[in-house]
Structure formats: structure tokens, C-alpha cells
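A.B. asks: Quick one: this structure, given as C-alpha cells, is what I'll be asking you about.
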Amino acid sequence: MTEEREDRISLHPQVEAYLERLARFNFGELHTFPVEQAREGVRRGIVLLGEPEAVADVEDRMIPVTDGDLRVRIYTPAGEGPFPLLVFFHGGGFMLGDLDTHDGLCRSLANGAESIVVSVDYPRAPEHRFPAAPDACYAATQWVADNAAGIGGDPARIAVGGDSAGGNLAAVVAQTARDHGGPDLVFQLLIYPDLDFRRTNYSIREYAGKYGNIGRATQHWFMDNYLTAEEEKLDPRVSPLLAPDLAGLPPTLVITAQYDALRDEGEQYGQRLEAAGVPVTVSRYPGMIHEFVRHTFDDSEKARTEAATALRKAFIR
């Protein structure tokens with residue numbers, strides 16, 4: 001289906017009602033606020049995401065990594081271990097999200113995938129610029145592999161995943177693990193991932209500033225706060241879509257949304273993975289928007305179920 005034909009498919013009525021409600025508040029563009037105020041606004045938005053699921057056990061822990069201790073939140077489902085493990089990286093433009101903003105999604109994945117989820121509180125920009133976040137995420141994944149048994153997990157069944165900026169970090173960790181001899185990963189879950197800092201594709205051009213997507217100025221605000229130099233946009237650890245070789249990466253599910261500005265780069269990554277011989281599913285949700293998986297739309301539950309089902313299948317040995 002052509003891009004122009006896709007644009008004629010309407011927003012889902014639940015999404016349309018949600019966007020109309022947001023418009024009444026007239027919050028303004030994120031880049032016009034101080035960083036801490038923007039972060040607080042994102043935290044306040046947690047109430048819109050519905051009541052989080054109960055999980056058998058949730059524990060916050062500090063783990064030792066190369067550059068000091070790193071906070072993680074470990075979600076353990078009901079049942080008997082050892083459980084498979086998902087190392088999860090939250091979205092938020094590398095600046096705004098945290099463990100709490102993605103608590104509901106991690107709980108859902110832990111229950112649905114019958115997996116321990118280790119959510120990583122990686123260092124955020126602008127206090128910590130690239131490569132602090134990918135370095136910390138890779139170190140956390142190594143820690144999980146080395147200490148899986150101690151948290152009730154199976155070191156032979158580890159996946160990585162994340163949404164938006166976290167999808168970027170999951171893709172970077174998977175590439176880094178492939179290139180540095182491990183940990184061996186059985187799957188990567190990329191939820192509307194941010195994979196190409198060039199910002200030139202069709203969905204970026206057409207949807208930025210519309211349908212709940214951030215505008216171009218806020219896009220550059222995120223990138224300028226994350227990076228230290230313009231040329232870093234072409235580094236595969238910033239733009240994993242630009243990695244020269246995607247062969248040897250773990251099986252992948254890419255979830256995209258029709259009216260998401262990041263849609264095309266996620267789907268292009270899926271196409272490149274397929275061309276490189278990687279088992280991949282790209283699942284576009286018509287009428288949906290960026291961040292929909294964390295919401296209470298009917299398709300939010302459908303996407304979370306799809307992600308959990310894909311993880312369960314990947315974890316079968």
C-alpha cells in the first residue's frame with residue numbers, strides 16, 4: 001500500500017478522542033520548557049495510562065557497572081523459575097522517561113511473556129550525553145547475563161527491548177552484543193524505535209507536529225541535548241539503521257504505528273533485517289500514534305499481547 005493511500009485511513013476513534021482531549025490542555029512544545037519541568041509533565045501523564053497490573057514481585061536494585069552503580073527495577077512474574085529475561089530500556093527522547101513512566105508496560109510484559117523484566121534506569125541527557133546511555137544499557141545487559149541465576153533467571157534466554165528512544169538503545173545493544181562476543185540474545189523487541197537521526201523520511205516530514213508527534217523543533221532539542229557533535233548522527237550507535245551489516249542479529253519484532261513520525265525508520269530497519277537473513281516481523285497498527293502501546297486503546301492491549309506472545313515463542317528452548 002502506498003504512503004498516500006495509507007494517509008486516507010482514519011485515526012482510530014479512541015485515538016482521535018484522546019488527541020482532542022490533549023488539545024484542550026494546550027500544553028505547548030516540550031522544547032520550550034526547562035528539562036526538569038518537561039520531565040515532571042511526563043511523570044504527571046502516567047495517570048492517563050490506566051491502572052498498572054499486579055506482578056508477583058517488583059524490586060528496585062542498584063547494580064555495579066563499569067562507571068558506577070546503575071538502578072534497575074526487576075519484575076518477576078508468578079510461577080517457578082528459572083525464568084527467561086527481558087532487559088528493557090524506556091523511551092522519552094533519551095531525556096524525559098524513567099522507570100515509573102514505563103512501569104505499566106514492564107508489568108504487562110512480565111506477566112504476558114512469563115518473563116523477568118529488568119528495566120534499566122540509564123543515564124539521561126543532557127546531564128549525560130552520548131555514549132553514556134548505550135554504554136550503560138550494554139553494561140546492564142552484561143550484568144543480567146552474568147547474574148541471571150541470582151535473580152531467578154535463565155542466562156540462556158535473554159532478550160532486549162524498548163520503545164522509542166529505548167528501542168534505539170535495544171537495537172544498539174543487540175548490535176554491540178553481536179560485535180563484542182555477547183551476551184547471546186535470543187530476541188529483540190523494538191516498539192516504534194527511533195533509529196535514524198537524519199530525520200529525512202516520509203513519516204518524519206508528514207507527521208512531525210501532528211497526531212501527537214513532537215514537532216521539528218522539539219526533535220532537534222532532543223538530539224541537540226543527547227549528542228555532542230553533528231557528525232554523531234551518522235554513528236550506528238546513534239542511528240542503528242545506518243549500521244553497514246545487520247546479519248547475525250537476533251530474531252526481531254518491530255511494532256510501528258501508522259501516524260507515528262518514527263514509523264518509516266522502524267519499517268526500514270525491518271526490511272534491512274529481513275534482507276540480512278534475520279527472522280523479523282514488522283507489525284504496523286493502523287490508525288495508531290506514537291506511544292500507543294502504553295495507553296488504554298483497544299489496540300494497545302493487542303500490541304502488548306503481540307509483544308508478549310513473540311517473547312514467549314522466542315524463549316522456548
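The values are calculated or read from the model by the stated rules, or taken from the named source; none is laboratory data. Just so you know, these numbers come straight off a predicted model, no measurement behind them. Using ideal geometry, Cβ is built from the backbone for each residue, glycine included, and neighbour counts are taken over all protein chains shown. Note: areas computed on protein heavy atoms with side chains; ligands, DNA, RNA excluded. Shrake-Rupley method; radii C 1.70, N 1.55, O 1.52, S 1.80 Å.
A.B. asks: Just to verify a result, which residue in the stretch 262-317, among those that are charged (D, E, K, R) and in a loop (DSSP other than H, G, I, E, B), is nearest to ARG157 (Cα to Cα)?
C.D. replies: Ranking the qualifying residues of the stretch 262-317, first place goes to ARG317.
A.B. asks: Restricting the first residue to the stretch 106-123 and requiring it to be farther than 18 Å from GLU51 by Cβ and at pLDDT below 95, which pairs with a second residue that is surrounded by fewer than 24 Cβ atoms within 10 Å (Cβ to Cβ) and of a type outside the set (Ser, Thr, Tyr) meet a Cβ separation below 6 Å and a spacing of at least six or different chains?
C.D. replies: Listed pairs, sorted by first residue: none to list.
A.B. asks: Tally the residues that are more than 15 Å from the chain's Cα centre (by Cα), open to solvent by 10 Å² or more (accessible area, probe 1.4 Å) and without any contact (Cβ under 8 Å) to a residue 40 or more places away in the chain, restricting the search to the stretch 263-277.
C.D. replies: Summing the residues that are more than 15 Å from the chain's Cα centre (by Cα), open to solvent by 10 Å² or more (accessible area, probe 1.4 Å) and without any contact (Cβ under 8 Å) to a residue 40 or more places away in the chain in the stretch 263-277 gives 6.
A.B. asks: If LEU48 passes every condition in (1) surrounded by 16 or more Cβ atoms within 10 Å (Cβ to Cβ); (2) modelled with pLDDT under 90; (3) of a type outside the set (Phe, Trp, Tyr) but one, which one does it miss?
C.D. replies: Going through the list (1) surrounded by 16 or more Cβ atoms within 10 Å (Cβ to Cβ); (2) modelled with pLDDT under 90; (3) of a type outside the set (Phe, Trp, Tyr), LEU48 breaks only (1).
A.B. asks: So how many residues does the stretch 169-200 have that are farther than 20 Å from ASP235 by Cα and either assigned to a strand (DSSP E or B) or open to solvent by 20 Å² or more (accessible area, probe 1.4 Å) (or both)?
C.D. replies: Matching residues across the stretch 169-200 total 9.
A.B. asks: List the number of the failed condition for GLY212; all other conditions in (1) crowded, with 16+ Cβ neighbours inside 10 Å; (2) at pLDDT 95 or above; (3) out of contact with any strand residue (DSSP E or B) (no Cβ under 9 Å at 6 or more places or on another chain); (4) not hydrophobic (A, V, I, L, M, F, W, C) hold.
C.D. replies: Answer for GLY212: the failing condition is (2).
A.B. asks: Within the stretch 159-168, work out how many residues are out of contact with any helix residue (DSSP H, G or I) (no Cβ under 7 Å at 6 or more places or on another chain) and open to solvent by less than 10 Å² (accessible area, probe 1.4 Å).
C.D. replies: Going through the stretch 159-168 one residue at a time, the tally reaches 3.
A.B. asks: State the number of residues belonging to the stretch 98-125 that are part of a helix (DSSP H, G or I) and among the polar types (S, T, N, Q).
C.D. replies: So the answer is 2.
A.B. asks: Before we move on, is SER239 open to solvent by less than 10 Å² (accessible area, probe 1.4 Å) and in contact (Cβ under 8 Å) with a residue 60 or more places away in the chain?
C.D. replies: no
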